[in-house]
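Below is one structure; the comments refer to it alone.
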Amino acid sequence: MSKNKLKSIFILIILAIVAIFIIKLVLNILIGLFQILITLTVIAIVGYIAYFVIRKINKSSKNHLK
């Protein structure tokens, strides 16, 4: 009985360690995806603003040429 109890406790400890590693891995992957998402969003916003600024500059330069 005590041998089986020790065995089951040992298995539980191993499972807990494995679970902690898996959770850490998943969290790291999620954080990485979140950082990529934020980076892409910032790039998209900056690109959008730059597009409008360039369009305004082009329109104003065309008006000056007339």
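Annotations
- Val18 being at pLDDT below 95, assigned to a helix (DSSP H, G or I) and β-branched (Val, Ile, Thr): no
Each row is one residue, and each column tells you yes or no for (1) over 35 Å from the mean Cα position of the chain (by Cα); (2) at negative phi; (3) surrounded by 10 or more Cβ atoms within 10 Å (Cβ to Cβ); (4) among the hydroxyl-bearing types (Ser, Thr, Tyr).
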position	(1), (2), (3), (4)
Lys7	yes, yes, yes, no
Ile22	no, yes, yes, no
Val26	no, yes, yes, no
Phe34	no, yes, yes, no
Ile38	no, yes, yes, no
Ala50	no, yes, yes, no
Val53	no, yes, yes, no
Ser61	yes, yes, no, yes
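- Qualifying residue in segment 1-10 (condition: part of a helix (DSSP H, G or I), modelled with pLDDT of 95 or more and of a type in the set (Ser, Thr, Tyr)): no
The values are calculated or read from the model by the stated rules, or taken from the named source; none is laboratory data. Because the structure is a prediction, the values reported are computed rather than measured. Virtual Cβ from ideal backbone geometry, glycine too; neighbours counted across all protein chains shown.
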